[in-house]
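The values are calculated or read from the model by the stated rules, or taken from the named source; none is laboratory data. Computed from a prediction, not measured in an experiment: that's the story for all the values here. Backbone-built Cβ (ideal geometry, glycine too); neighbour counts: all protein chains shown.
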Amino acid sequence: MKKHWYDYLWILSVLYLTLGFFNILFAWLGLFCFFIPLIISLGFGTKGYCNRYCGRGQLFGLIGGRFGLSRKQDVPRWMKSRAFRYGFLIFFMSMFLLMLWNTWLVFAGARDLREAVTLLWSFRLPWHWAYHGTILHEGIAQFAFGFYSIMLTSTVLGLLTMILFKPRSWCVYCPMGTMTQMICRAKAGPEGKAAAEKIEGKAVPGGGL
């Protein structure tokens, strides 16, 4: 199959994680992965980002598919269910809001900057080498540490489910994929509901955080 420029966006995902390892302020670039899927789904009513432009989904497909690091087993039915996907979205967004709250506390001077990355919302990893101080407020760096934690955690979850199931299993329950699907269903209206529900159970769409 002929390759297109967007087939190499997985390189940006690798570059993002690498840059954030050395300078945490690069974590702000991850906001593109947050807003672009929403803009596309709001503007065009499609999951174009998930299906074509998601570098993370491409990365999982490459590692699990071409390099054979996936068991290529079907995703469990419970993982495809609305209850799990919407529940995971709520949980993920709750953690995002908590991260914003911690950022606000640093901006307000009520808390010192924490130069650490929290993996899987439980394991606090020292990351002090990635922040060298700037003329900007420390709250800017706090947001970067928090957002990088979210991006790293979602990558680890994607790698785990990639190994256990199909390469792009993350796409089934990806919070951004769930949100864009909700937007597409709303824009499609009642007449598009049946078609949207058909797509909903597939493992290909997904990607973003």
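Annotations
- Pairs where the first residue, in the range 40-56, is in contact (Cβ under 8 Å) with a residue 60 or more places away in the chain and at positive phi and the second is assigned to a helix (DSSP H, G or I) and not aliphatic (A, V, I, L, M), C-beta under 7 Å, 6+ apart: GLY45/CYS184; GLY45/LYS187
- Residue check for PHE22: surrounded by fewer than 18 Cβ atoms within 10 Å (Cβ to Cβ), aromatic (Phe, Trp, Tyr), under 24 Å from ILE140 (Cβ atoms) and more than 17 Å from the chain's Cα centre (by Cα): yes
Yes or no, residue by residue, for (1) modelled with pLDDT of 95 or more; (2) out of contact with any Leu (no Cβ under 6 Å at 6 or more places or on another chain); (3) closer than 16 Å to GLY20 by Cβ:
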{"site": "GLY133", "(1), (2), (3)": "no, yes, no"}
{"site": "LEU136", "(1), (2), (3)": "no, yes, no"}
{"site": "PHE147", "(1), (2), (3)": "yes, yes, yes"}
{"site": "SER154", "(1), (2), (3)": "yes, no, yes"}
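- Close Cβ contacts (under 9 Å, 6 or more residues apart or on different chains) running from residues in the range 66-79 that are on the phi > 0 side of the Ramachandran plot to residues that are surrounded by fewer than 14 Cβ atoms within 10 Å (Cβ to Cβ) and assigned to a helix (DSSP H, G or I) are absent.
- Residues in the range 121-131 that are surrounded by fewer than 17 Cβ atoms within 10 Å (Cβ to Cβ) and closer than 12 Å to GLY20 by Cβ: TRP129 only.
- Test: residue in the range 58-72 that is among the aromatic types (Phe, Trp, Tyr) and not in a loop (DSSP other than H, G, I, E, B): yes
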